[in-house]
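The values are calculated or read from the model by the stated rules, or taken from the named source; none is laboratory data. For clarity, every value in this text was computed on a predicted model and none was experimentally measured. Every residue, glycine as well, gets a Cβ built from its backbone with ideal geometry; the counts of neighbours run over all protein chains shown. SASA here: full protein model, heavy atoms, side chains in, ligands and nucleic acids out. Shrake-Rupley method; radii C 1.70, N 1.55, O 1.52, S 1.80 Å.
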Protein chains: 2
Amino acid sequence: MVRERILACAVELFAANGYDATSVQQVVTRAGVTKGALYHYFAAKEDLLFEIYHSLLTDQLARLDAIVARGADPATTLREIIRSLAETTSENSRAVAVFSREASRLDEERWQTLRAEWRRYQDTVRGIIRDAQEAGVFAAYASPEVISWAIFGVNTSMPTWFRPDGPKKAVEIADELADFVLAGLRP
Amino acid sequence: MVRERILACAVELFAANGYDATSVQQVVTRAGVTKGALYHYFAAKEDLLFEIYHSLLTDQLARLDAIVARGADPATTLREIIRSLAETTSENSRAVAVFSREASRLDEERWQTLRAEWRRYQDTVRGIIRDAQEAGVFAAYASPEVISWAIFGVNTSMPTWFRPDGPKKAVEIADELADFVLAGLRP
DNA sequence: GTGTCAATTCCGACCGGTCGGTATGCCAGT
DNA sequence: ACTGGCATACCGACCGGTCGGAATTGACAC
């Protein structure tokens, strides 16, 4: 309970003010505990960042695997992936904002762990696009790398412009993006 | 001369270690001067960030205006804009990385100034897409907002994956992206 | 060419304050 | 009696920024 509250407050503060600009004292004050409690559950401030990233990536990878496991055609699969990204991003917008901004703040070991997870996500998406292109189901105006970066780029930038109370819901944006991407992939 | 050297070193260090994690002392040490010199040219550490952003945005806006002034058809104009973005991003990759990461580190006044410049860039691109969509020259699978974010997203994420010594030059990536985007906009 | 003086450019010691992290111990539950 | 779950008090390091003054430069008179 305390552990979760500390993490939740850390996400909010890191998203609002940045990792370095947020002091451990601010985190524990907002969580209603003291530094003793924080350092009881976490060995270092960096572990807060790591946990935030790790749980986000774990969640996204689980969704991705579930989508791929359904074995639908490439267009449907890609649309589902884009939807899944938009959903997790809109639900965890602060964590995604922290993730895209403070990516290199971790030490080498922790960073490599997360990088491997993120790589798996990338490679899966690219594999789907590449296979479909080679099968002639998708057009190949652009490489899987550039296409995937266009998709990921929209998502990482979402926290800067997406407003949950705005006119468009996350899933609508996702479908717009999917329509556009799939139009660009139509043979 | 000294001023420029300080700025150049600041960009490198901010890109490598982040704004907050970089001390003024590190900047001046790398530049081969002392803190007195830095605070002779800049009123505060924040001004280093502001100058980095401002010169980058000024450059990009000038290129954008030049492209629009040529008055070519929407597809050509959009391709030129994408090329221009990829070029400036690859040439100033560290500055772009800092820009996308430390965007909210400035105080309100300086931030508003830059935000207005960036808004002008966004609105110009969106206007081109919207006008062409309304004229039936571009398809409207997605809104100008989502399409422009796809374009900008690729650029802001470029510093994380683009390697100048890699197999693809920046202009090739730009053309790939332009081909893909224009395919998605074909009526 | 040379001396003069003022402005510009820069030095580096120093300051108040904050930071991440630690040492110690209280206390409720078992 | 012992342990997990915290609070409190504190530390050394370091930070952004200041300040008095030392060099360096440039304009101008002679």
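Values computed for the structure shown
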{"read-out": "Rounded FRET efficiency, nearest 0.05, which uses the C-beta distance separating residue B:145 from residue B:1 and R0 of 51 Å", "value": "0.75"}
{"read-out": "Computed accessible area, residue B:39, all protein chains, 1.4 angstrom probe, square angstrom", "value": "110 Å²"}
{"read-out": "Å² of accessible area per residue within the stretch A:44-185, as computed with a 1.4 Å probe and no ligands counted", "value": "41 Å²"}
{"read-out": "Chain B - percent relative contact order, Cα under 8 Å, separation 6 or more", "value": "26 percent"}
{"read-out": "Pairwise FRET efficiency - residue B:17 versus residue B:113, Cβ, R0 = 25 Å, nearest 0.05", "value": "0.50"}
{"read-out": "Helix axis angle, B:45-70 relative to chain B longest principal axis, alpha carbon, degrees", "value": "30 degrees"}
{"read-out": "Average partner coverage of B:168-180, which counts Cβ from other chains inside 10 Å", "value": "4"}
{"read-out": "Selection from A:74, A:24, B:13 lying farthest towards where the dipole of the protein assembly as shown points positive, charges on Cβ", "value": "A:24"}
{"read-out": "Test item: B:153-165 mean partner chain Cβ contacts at 10 Å", "value": "4"}
{"read-out": "Among A:120, A:110, A:70: highest mean-square fluctuation, GNM of chain A, C-alpha pairs under 10 Å", "value": "A:70"}
{"read-out": "Hypothetical label at residue B:172: residues of the stretch B:80-110 whose amide nitrogen lies under 17 Å (7 Å Cα-Cβ projection)", "value": "B:83, B:86-87, B:90-91"}
{"read-out": "Estimated vicinal HN-Hα couplings, Hz - the stretch B:86-96 in sequence order (Karplus 6.51, -1.76, 1.60; Gly, Pro = x)", "value": "5, 5, 4, 5, 6, 7, 10, 4, 5, 5, 5"}
{"read-out": "Solvent accessible area, Å² - residue A:160, 1.4 Å probe, full protein context", "value": "90 Å²"}
{"read-out": "For A:102-112, mean number of other protein chain Cβ atoms within 10 Å", "value": "2"}
{"read-out": "Of every Cα-Cα pair in the stretch A:44-185, the percent that sits beyond 25 Å", "value": "28 percent"}
{"read-out": "Between 0 and 90°, nearest 10: helix B:170-185 axis offset from chain B longest Cα axis", "value": "40 degrees"}
{"read-out": "Sites residue A:46 and residue B:46 - FRET efficiency at Förster radius 30 Å, r taken between beta-carbons, to 0.05", "value": "0.75"}
{"read-out": "Angle in degrees between helix B:144-161 and the longest Cα principal axis of chain B, rounded to the nearest 10", "value": "40 degrees"}
